[in-house]
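*Asks:* Handing you a structure now.
Just so it is clear, none of the values below were taken in a lab; they were calculated from the coordinates. These numbers come from a predicted model, not from an experiment. Here the Cβ is made from the backbone with ideal geometry for all residues, glycine too, and neighbour counts use every protein chain on show.
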Amino acid sequence: MRWLILGAGGVGGYFGGRLQEAGGDVTFLVRPARARLLREQGLVIESPDGATRLQPKLLLQGEPAAQPFDTLLLTCKAYDLDGAMAAVAPYLGSATAILPLLNGLLHLDRLELAFGAERVLGGVCHISATLGPNGEIRHLDLPPRLTFGERAGGGSDRVRAIAADLAPAKFKSVLSENVLQEMWEKFTMLATLAGLTCLMRGSVGEIARAGGAGIARAMLKEASAVAAASGHAARDKVLEATAQRLTDPASAVQASMLRDLERGGATEGAHILGDMVARGRALGIATPLIEAAACHVAVYEARRAARKEA
């Protein structure tokens, strides 16, 4: 199976690198600056699961490929999706499977519109990884997990082939028969985590110690109500674990969206918070706390855009 990985950052670089390490046929579609660095020093992964240095196969946007790829692993941020779709389009064939690992759900509609619903799988990943100062990939804590499957449920030859290719890699890969449920559960958690930490401008522990655990639970209740009304109520054990995680007074966890805010970068506010509010509104479900967080981030984005235009 021929894999195309869009980008070689924390997420794409880790999963693609581990797949190559296990013998997979992997090509990374990267920008020129990243390509130069990878050619000079290789793809470096630092991880509690073992460090590695690989010489990756690289493709620059616009360069020809011998034939279409079998599977595309899409790991960009939501605000880069339009550019990503344009970049990968020349390398996709009629049978190419698209496995997106973006946060939230809104990207599924856009990918369907661009490439057709039959190409687009469901996918969700759990990993904490970032790029270090020298371009190395730093996997930070929990064992990474990649869950995927047909969005309609059940199995298929293509997802079973993907599962076989991923099996030897140094991360947990799960072929799910209900991947949309997994995606909704992460969406529910992430909308709460991002909304909470961005609105309060602190970590989970800082908010809990300041008396904000009730706010966290109320925000989770809003997101959970939207998920349930959409036909994807979170499983009890998942909801309980999420509530514990989001109210832990010892936790240093904060959403990557807050880190984006604090460094003055673009955020996925509209894709995560705005979409949760919009879905709730369409179903007649009030989400006042998440809406406040969405507004907070939207004001930041408007100011950021105004500064760029000035």
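*Asks:* For K221, which aspartates and glutamates qualify as cross-link partners when the Cα separation must be under 15 Å and same-chain residues fewer than eight apart are set aside?
*Replies:* Here the aspartates and glutamates satisfying the reach criterion relative to K221 are E185, D236, E240, E291.
*Asks:* Taking Cα atoms, how many degrees apart are the long axis of helix 179-200 and the longest axis of the chain, rounded to 10 and kept between 0 and 90?
*Replies:* Orientation of helix 179-200: about 60 degrees from the principal axis.
*Asks:* What's the center-to-center distance, using Cα atoms, between region 188-234 and region 244-310 in Å?
*Replies:* That distance is 11 Å.
*Asks:* Also, quick follow-up: Given R₀ = 25 Å, FRET efficiency for A95-Q41 by Cβ-Cβ distance, to 0.05?
*Replies:* Calculated value: 0.10.
*Asks:* Would you mind pulling out the separation of the Cα centroids of region 26-91 and region 120-147, in Å?
*Replies:* 14
*Asks:* What is the helix-to-structure angle for 32-41, meaning the angle in degrees between its Cα long axis and the longest Cα principal axis of the chain, kept from 0 to 90 and rounded to the nearest 10?
*Replies:* On a 0 to 90 degree scale, this one is about 70.
*Asks:* Here's something else I'd like to know. Could you identify which residue out of E185, E262, E136 has the top mean-square fluctuation in a GNM of the chain using Cα springs shorter than 10 Å?
*Replies:* Largest GNM mean-square fluctuation: E262.
*Asks:* If you don't mind, another one. At most 14 other Cβ atoms within 10 Å and a DSSP loop assignment: could you name the trypsin sites (Lys or Arg not before Pro) in region 191-263 that fit?
*Replies:* Sparse-neighbourhood loop trypsin sites (Lys or Arg not before Pro): R201, R235.
*Asks:* Also, I was wondering about something else. Looking at region 181-309 from every direction and averaging, what is the projected area of its Cα convex hull in nm²?
*Replies:* Details: hull surface 30.3 nm².
Mean projected area of the Cα convex hull: 7.6 nm².
*Asks:* Under 22 Å from the Cα of K308, which lysines turn up, not counting those fewer than eight places away in the same chain?
*Replies:* Within the straight-line cut-off, K308 pairs with K77.
*Asks:* Based on the mean of other beta carbon atoms within 10 Å per residue, what is the order of 222-229, 113-120, 4-11, most packed first?
*Replies:* My ranking of the peptides, most packed first, is 4-11, 222-229, 113-120.
*Asks:* Counting only DSSP beta bridges with both residues in the chain, what percent are antiparallel, rounded to the nearest 5? Could you put the intermediate results ahead of the total?
*Replies:* Numbers: 11 of 36 bridges.
If we restrict to bridges inside the chain, about 30 percent are antiparallel.
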